[in-house]
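The values are calculated or read from the model by the stated rules, or taken from the named source; none is laboratory data. Just so we're clear, the structure is a prediction, and the values are computed from it rather than from any experiment. Reconstructed Cβ throughout: ideal geometry from the backbone, glycine too, with neighbour counts over all protein chains shown.
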Amino acid sequence: MKKNLAANNQICHSLLAMKEIKVRAKNIYGNRTLYPACIDSQLFCDIAGTKTLTANLIAILSKRGWTITEIL
């Protein structure tokens, strides 16, 4: 039983280490806007009730250890 628990903890730690979201940047009327480009980034937009990732949301995610990767 202890072996399974240790294995589960190791899996959880490796999943937490992969905290990355992908975004697409668009220039809308001179404003740089970040749109979700993966399931996780879309989830955060859904939670926030927005269609884009706001500067405030990006700041919160960065403080929590999330990496924001811009894709083309």
Residue pairs, Cβ under 7 Å, 6 or more apart or interchain, first in region 23-43 and among the charged types (D, E, K, R), second surrounded by 12 or more Cβ atoms within 10 Å (Cβ to Cβ). List them.
R24/Y35; R24/A37; K26/T33; K26/Y35; R32/A25; D40/I21
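Somewhere in region 3-16, is a residue at pLDDT below 95 and surrounded by 12 or more Cβ atoms within 10 Å (Cβ to Cβ)? Give the derivation first.
Within region 3-16, the subset at pLDDT below 95 is 3-16.
Now narrow it down to the ones that are surrounded by 12 or more Cβ atoms within 10 Å (Cβ to Cβ): none.
Scanning region 3-16, I find no residue that is at pLDDT below 95 and surrounded by 12 or more Cβ atoms within 10 Å (Cβ to Cβ), so the answer is no.
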